[in-house]
Every structure is written in structure tokens, then in C-alpha cells.
Number of protein chains: 2
Amino acid sequence: MDAVDQTTIGIEPLGRAARNAARALARLPADHRDAGLRAAGAALRRHAGAIARANERDLAASSANAAFRDRLTLTPARIDAMAQGLADIAGLPDPLGRTLAEWSRPNGLVIRRVPAPIGVIGMIYESRPNVGADAAGICLKSGNAVILRGGSESFASARAINAAIVEGLAEAGLPEHCVQVAPGTDRAFVADMLGASGLIDLIVPRGGKSLVTCVQAEARVPVLAHADGLCHTYVHAAADHAMARRIVVNAKMRRTGICGATETLLVDAAAAPALLPPLVAELAALGCSFRADARARAVVDTLPAAAPGDFDTEWLDGVLSVAVVDGLDDAIAHIARHGSAHTDAIVTEDPDAAAAFLAAVDSAVTMWNASTQFCDGGEFGFGAEIGIATGRIHARGPVGPEQLTCFRYQVIGSGQTRP
Amino acid sequence: MDAVDQTTIGIEPLGRAARNAARALARLPADHRDAGLRAAGAALRRHAGAIARANERDLAASSANAAFRDRLTLTPARIDAMAQGLADIAGLPDPLGRTLAEWSRPNGLVIRRVPAPIGVIGMIYESRPNVGADAAGICLKSGNAVILRGGSESFASARAINAAIVEGLAEAGLPEHCVQVAPGTDRAFVADMLGASGLIDLIVPRGGKSLVTCVQAEARVPVLAHADGLCHTYVHAAADHAMARRIVVNAKMRRTGICGATETLLVDAAAAPALLPPLVAELAALGCSFRADARARAVVDTLPAAAPGDFDTEWLDGVLSVAVVDGLDDAIAHIARHGSAHTDAIVTEDPDAAAAFLAAVDSAVTMWNASTQFCDGGEFGFGAEIGIATGRIHARGPVGPEQLTCFRYQVIGSGQTRP
């Protein structure tokens, strides 16, 4: 049996243990945390067989479809990638041991702003069991304890992965309970996590929209979440058309199911007659279908008409909404009305138009002459990411180790009292 | 009648108007926003008479006690201070027009992290009507629109202040609806604000514990709040006793009702016999009373015994909990168990002990040889503060204009597509 008696274990004991572990972890030097990550990676490799067997049990018990089973499956290569991921995270710069700002006051007080771990992270994720290992790595790197609750279908896999990680951490002398997994698959534990004010400091949901929406609706703890990725690529009148075609094809078709995929193409009226026909042909040849407004259909009359709501739809598929706009302000207005403030790009050779777009479009990521699919922690150089944040506080865009920290102040005096 | 028909106005129209105003505001240069703040300050001075008359109506309608009435009262000096506050905020550095970080990737992409306003702030506060003007100033400075909901008793005052501010902002050409007040005193509007996901990006409650607790329990929108301020001053064995006495007296007695006031004194066993008797006498002479543990009472036998829970109590009064501890680790453990992670100080001449304390105590503010009463945006040099944050994400400690921003990314390419 992998599960313990679920009636006896709620979030309370895990949360208290995590708090103590987080406090101890925050006091450890970076090289000690990194040694723990490397030891955990080595333990994952050492226990690859046990992890694979646990994963087989999960697969045997699952009646899910092929795509789901693929996400659930841990091949030897995937287990090795998990282990390598922890080693890679160990090699990243320390997000903590720095001074973010320091200044002195007229009374002689010196004030320092320093990074601080958030504390205890609650990670709720779906089918891919490797997400738990990645999340543990990023949380530990940034000095946070983590409580992991993966999908019920991957419960045995998650337990086996966690056992290996915990063994590695213990070898390196890291605090027990830095990384814990939910004691069972009871959904009440998720509700417990979401309500655990004071025990969990931040919930990070990672999965489909229904999971994220549910977490956002129920949580009494702050949530760092990725909601929608309704990304736009806007081809400005002064765009290089060859570059625009390359970027749009990549932004839409490289991978259609990721949140940074472009869902809507906006084309300047001045550029549309020359750009749209070859671009549509190129995309169509790759299997893309279209939902076009009347002005785009006036340029390419084979394009199917967009229905109401199409410009508010995150397709996550080989489908592209297409609209013709009247210049920069019209494009910006379209994005403000229909976008999800995730990633939006302009293609132009005009630096003033680009600067105006980058300043005016208030998305987590705005891009100039690049594919929206670059919105990714690895591509940003963060080494690892736990997701893309689409909220408006704490952190926006790819969330790496640095974004799982906050800050606090150290004030150095020489006996000052406040008048 | 100051109130409009409350049955017809919920958060929706105000939220939509605020979103549009926020978008326009975010695109304005800093000197335009600052001109708006100065014009709003001038309008407050110009309409001081109307504001005072509205305030008299509030006072006439109120049956509250003297302390409450004092907080509610807008004297000419207080109205002038509000106006000056806006002018002062205009003079602060721009929190937006900067690059926080910039790096380039091997593929040539240049990535820039830039500050971004949060968007629409919902401010819920209690009796002091000037809080609304201060909040409006800090929000505008940081490019945010704000919806203000003050206490019902100060409704006429809040409307009059807002009318003046809006007039000033309009003169300077700032977007209409940058600053709005609740249309009435209906409590349902507060519930509306707390549930306004997508319309309000951050709720800032400012007031007593019951207000903050209620907001935190009900809000579906992120909250930046100040909960408890159970601050400690720890006198280490290597403290200068004269300095320790000065600091403790100031930290406890300068103002006893503020969140940065010290509530618990921890004294090293080695320092207690020489320090406690004169310190207790000095505090007692200022009207302070005590709740002491057995070890402190063994040193000063006239100290009253602490009851269970006293070390978990934020007195906000001339009361000091006193405990004797066995060195640094014991002090750190006491603070971890009983503290509220607000502000905690060590008094010592030993820099190693100070460094260990500053590193290990995970409070929003830790201090060395200074009074905990310095935890304040003004004292930190922020110019103005909207409160002290005691949560663990986004911002901790004093919240000034810079803390009412987040960040976003600008990616500059030259046609890159993702492999």
C-alpha cells in the first residue's frame, strides 16, 4: 500500500513540519542546498528501477486515454531527465545570497533589502509525475519547503520519486520535510491545502484550465497561477514580410498546445494584401486552419469567417484567428480587449512603433521581432521554471527560482531611537 | 444627499472605468502623473472649506466616542497636510521609468525586466478620511488606478476630498476615473470589491484587525495586508546597557498603539541582573506595566507574572511582556514561536551575533541596535506608505509607491524563431 490511512492525516502535520524545515532551509548556505539537489538527483538515478515499477502500477491502474497515459509514463530517459534537472538547478546562481538594494538615512540607519524565501509552497499538479521533481528542485533552490499534491493517477510514481529525493536530501544533511507529498489521493487534502492559511504561503497550481480555475476559486492562500495564454502576433505596416512569415509560422505552429503559442494574428491593413496570401498558404500547408474577420476575408476570400467569441478563444491547437487592423493603436486596442496579458509580439522594422508597442501593451511579456513561443523560463535563462504567472502581483511571466522569493529588510543602527 | 441610488451601482462600472483609466495612466510619462498629483494637492487646498463642511456633516451624524471623532475630524492643518502629502509624493522618484534588469541570450534575444503598475487597487479603510488622499497619491505615483471605500462615518468627507482630487487631476489632463470612491456606504459594495476578480487586481485594507481579518477571509482578489505587529526587542549578552535601555524605552513607549511598537522584551540571562532592574524602573515611571516570565521575576520580583497567551498578545498599549532567554538561539526560537514576522530587533555590540540574528529571524524587518518603531515608510525613505505588509509574497514591510508595482518583460529580437 502506498497510501497511509487518509482519515488521520490532514494538512496540519505536514504544514507544521514544512514550516520548521523551511526555517532551517532558509538558514543554510547555498552550496549546502545545491549539494542536496545533486544528492537528490543521484538518488533518483539510483532508484530509477523502483520509480519505473511504481509508475507501472500507476499505468496498470489507469483507464485513461493514450495521450494521458503518455504524460503519465516515466521512461528511463524521463527519469534521467528529472535527475539531470535537479543537477542543473543546483548549478544555477543562488537567488538568495545577495543584497537587492542598500541605502542609508540621514539619521545614520543603513537599510538593506535582501531576498527571502517565501516559506512553504503548495504545489498542485496533474498527470506528469516529473513536475513534482522539477518543482521540488526550484523550491529548494530558492530556500522554500514544498508540499506536493500530484494527480491521483500518478500517486505511486510521486511517492517513489519523493522517497528517492528525500533519501538524497537526507544524505546531504538537508532538513527532513523540505519536500513532502500528500499522504493519499483524497481530494479533501487538496481542499485542506487551499485553506491552509498560515501553514502554506503560496499555492502553485500547474495543469489544465479547470484545475487552475478551481484552485483560484477555492484558495484562501495566495495563488501564483497561469490562467489563459491568448497570445497575439501583430504584423505592423513596416514589417519585413519574410521575417513576419517566419515568426508567425513558428509562433503558431511550432507547438500549438503551449501557452505561449500565438492564437491571433493581427495584420496592418497596409501589409495585409502582400503578406496574408502567402502566409495563409504556408500555414495551411502545415495543417493550420483559420477564423478570419471580414477585412482579412476581403484579402483572402477562402478564409472561413470568425464566429463571435473566436477572438477570445485560446485554441491550443492548429487554429489561428486573423484580423486586419488600422495601425498600432488599433492593434493595441484589440489586444487590450481580447488578450490575456500573457505574451504579445509586434513584427516591425520601425523602432518607434516597436517601442510604443512594448510600452503600451501591458502583458507579462511583450516581444519585438521574435516568436511568442520564447515565453519560457528556459529560454529566458532561468534554468528551470515552475510555470508562467499571469496574475498582476508578485511575479509575471516565467517563474523560476528567483520568482519564488520575496524580500525583507535588515536595518543596521548604532543606537538610534525614533523622535 | 451625498450618496447616489445604491441599488443601481455595483463594482462593475467603477471597475471597468478604473481599468481603462489604469491603462491610460500607465502610458503617461512620470512628469504628467506628478503634475496631476500637484494639481490635486492644489485643489484640496482650494476646496478646504467645502471639505471641512462635509466633514462637519459626518461629525454631526456620528455618535462615536471621542477617540474615533478625533480620527474622523479634518482640521485645517490636516487638510493642508493631505495637500502637502500629494505634493511630496509628486517629488518622489518615479518607480516606473527604469529597467530593473537586462540580459541577452545566446540566440541574440535581449530580455529586459521593467516595472509595471499593478493596475487597479481597491483600498478599504476606516475612520481617517485623509487615508484616502494618501492612498490615491501613492497609487497614482505608481501608475495605478484606485477605487476607495472609506468608513461609512466619513462618507461625506471622502466624497468632498475625492471631488477636489478629481478636479485637480482633470485640470492636469489625467484620465478620468483614476481615482474613484464607492458610490455609497452600502456594505454590499465592499463584498463586491472583494469578489471583483478581473476588475480589481489588489485589495489593500487599512484599519483595525477586524477589518483586515474580514477582508482576508472574504477576498477573492489578492490582498496586501498588515495583520499583526507582535514585535520583539532582544537584548543580547554583549549589549551596551545604556543603549539597550534607550532603545527599549523608545521601542515600547514612544507610541504604544502603532504596529512597530515592541510588545515583548527578551533579555539574555547574562544581561538580565544588571539590565532589568533599572530598565523596569524607567519604563514603570513612564506608565508601562509588565507581564513577566518566571526567570524575569526571579530578577525583579515586583514584576507581575505573565498569563498563558501573554507572549502571543499584541498589546498596542503601555504593556510589555518580558522573558529571560539563554542566548541567541533561544531568542530566535522564541521569536519564531511567538512573533508575527513584522519587526524584530537585537541590541548587541557583537557583530557576529547581530549578523546571525538578522539572517535567522525571518521577519519583514529585522533591526540591529535600533528602535522597532523605525518600521515605517517615511523612516525608510519611501516618502509615503500605504501600510506595512506582513504577508510573504509580493512585498514585505513598508509599502510605498515602488511596492505598488510589479514587473513585466520586454524581449527584443531580430527575427528569432524557437527551434
## Note on the structure
Those residues of segment A:77-131 that are touching a residue at least 24 places away in the same chain (Cβ under 8 Å), farther than 19 Å from A:LEU25 by Cα, part of a strand (DSSP E or B) and more than 19 Å from the chain's Cα centre (by Cα) come to a total of 4
### Query
Hey, among the residues in segment B:342-379 that are in contact with an Asp or Glu (Cβ under 6 Å, 6 or more places away or on another chain) and in a loop (DSSP other than H, G, I, E, B), which one's nearest to the other protein chains (Cβ to nearest Cβ)?
B:SER363
### Query
Among the residues of segment A:187-230, which ones are closer than 17 Å to B:VAL223 by Cβ and in a strand (DSSP E or B)?
A:SER197, A:ILE200, A:LEU202, A:ILE203, A:VAL223
### segment B:167-186, residues that are outside any loop (DSSP other than H, G, I, E, B) and either crowded, with 24+ Cβ neighbours inside 10 Å or in contact (Cβ under 8 Å) with a residue 24 or more places away in the chain (or both)
B:GLU167, B:GLY168, B:LEU169, B:GLU171, B:VAL179, B:GLN180, B:VAL181
### Message
Testing A:ALA163 on (1) touching a Leu at 6+ places or on another chain (Cβ under 9 Å); (2) within 30 Å of A:HIS47 (Cα to Cα); (3) modelled with pLDDT of 95 or more, one condition comes back false. Which one is that?
### Response
(1)
## Note on the structure
Residue hits (segment B:380-419; more than 30 Å from A:VAL249 (Cβ to Cβ), at the interface with another protein chain (Cβ under 7 Å from one of its Cβ atoms) and not in a loop (DSSP other than H, G, I, E, B)) are B:PHE380, B:GLY397, B:CYS406, B:PHE407
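Regarding B:ALA163, is this residue surrounded by 24 or more Cβ atoms within 10 Å (Cβ to Cβ) and under 19 Å from B:ILE9 (Cβ atoms)? Lay out the reasoning, then the answer.
Details: surrounded by 24 or more Cβ atoms within 10 Å (Cβ to Cβ): no; under 19 Å from B:ILE9 (Cβ atoms): yes.
No: the conditions fail for B:ALA163.
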### Summary
Of the residues in segment A:197-214, those that are within 14 Å of another protein chain (Cβ to nearest Cβ) and surrounded by fewer than 19 Cβ atoms within 10 Å (Cβ to Cβ) come to A:SER197, A:GLY198, A:THR213, A:CYS214
### Query
Which one is nearest to B:SER197 (Cα to Cα) among residues in segment A:329-352 that are in contact with a helix residue (DSSP H, G or I) (Cβ under 6 Å, 6 or more places away or on another chain) and surrounded by 22 or more Cβ atoms within 10 Å (Cβ to Cβ)?
A:THR343
### Task
Within segment B:347-392, count every residue that is under 20 Å from B:ILE247 (Cβ atoms) and either within 23 Å of the chain's Cα centre (by Cα) or among the polar types (S, T, N, Q) (or both).
21
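Conditions tested, residue by residue: (1) in contact with a helix residue (DSSP H, G or I) (Cβ under 7 Å, 6 or more places away or on another chain); (2) on the phi > 0 side of the Ramachandran plot.
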{"residue": "B:GLY143", "(1), (2)": "yes, yes"}
{"residue": "B:ALA163", "(1), (2)": "no, no"}
{"residue": "B:GLY168", "(1), (2)": "yes, no"}
{"residue": "B:LEU194", "(1), (2)": "yes, no"}
{"residue": "B:LEU199", "(1), (2)": "yes, no"}
{"residue": "B:LEU202", "(1), (2)": "no, no"}
{"residue": "B:LEU211", "(1), (2)": "no, no"}
{"residue": "B:ASP240", "(1), (2)": "no, no"}
### Subset of segment B:265-315 (residues that are of a type in the set (Ser, Thr, Tyr) and either closer than 22 Å to B:ILE332 by Cβ or surrounded by 15 or more Cβ atoms within 10 Å (Cβ to Cβ) (or both))
B:THR313
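The values are calculated or read from the model by the stated rules, or taken from the named source; none is laboratory data. Computed from a predicted structure; not experimentally measured. Neighbour counts run over all protein chains shown; Cβ positions are idealised from the backbone, glycine included.
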